[in-house]
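The values are calculated or read from the model by the stated rules, or taken from the named source; none is laboratory data. All of these numbers come straight from a predicted model, not from anything done at the bench. Reconstructed Cβ throughout: ideal geometry from the backbone, glycine too, with neighbour counts over all protein chains shown. The protein model used for the area step is the full one, side chains on, heavy atoms only, and it has no ligands, DNA or RNA in it. Shrake-Rupley method; radii C 1.70, N 1.55, O 1.52, S 1.80 Å.
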Amino acid sequence: QVQLVESGGGLVQPGGSLRLSCVVSGSFFSINDMDWYRQAPGKERELVAATTSGGSTKYLDSVKGRFTISRDNAKNTVYLEMNSLKPEDTAVYYCNAAVQSGMSKWSSRDYWGQGTQVTVSS
């Protein structure tokens, strides 16, 4: 019932920008945390940026000042604005959302998007 649909990935040159979007759809009570992860070739998946329903944000040190996570609660959408992209940003980026099926926080469950490829290369 709950689906996360991503868009915005692609190929860009170093120094370029991309804006990723992730829309949560389906049947649910509320969305709590919404996060972006990435996994580069040969590396472990890592948390890139996170945001709570109240707007608090966290960033991976290597992307601070370059990436901005934001959300539109009315549209059930989280964004990742990526600027000054570097080759080391190349990875599959995954959207993750903690979704409550009911009023209780205990009903929260993580859902993942399908992943979108971001390639930074000249």
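So here's what we get for this one:
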| quantity | calculated |
| --- | --- |
| Lysine pair count for the chain [Cα-Cα under 25 Å; pairs on different chains or 8 or more apart] | 8 |
| Surface per residue (accessible, 1.4 Å probe) for the chain, Å² | 54 |
| FRET E, pair T68, Q3, Förster distance 25 Å, beta-carbon r, rounded to 0.05 | 0.55 |
| Pairwise Cα inverse-distance average, inverted: Kirkwood Rh of the chain (Å) | 14.5 |
| Separation of the D110 and S84 label points, Cα + 7 Å toward Cβ, nm | 3.0 |
| In Hz, Karplus ³J(HN,Hα) per residue of segment 104-112 (6.51, -1.76, 1.60; θ = phi - 60°; x = Gly, Pro) | 6, 4, 5, 8, 5, 9, 7, 10, 10 |
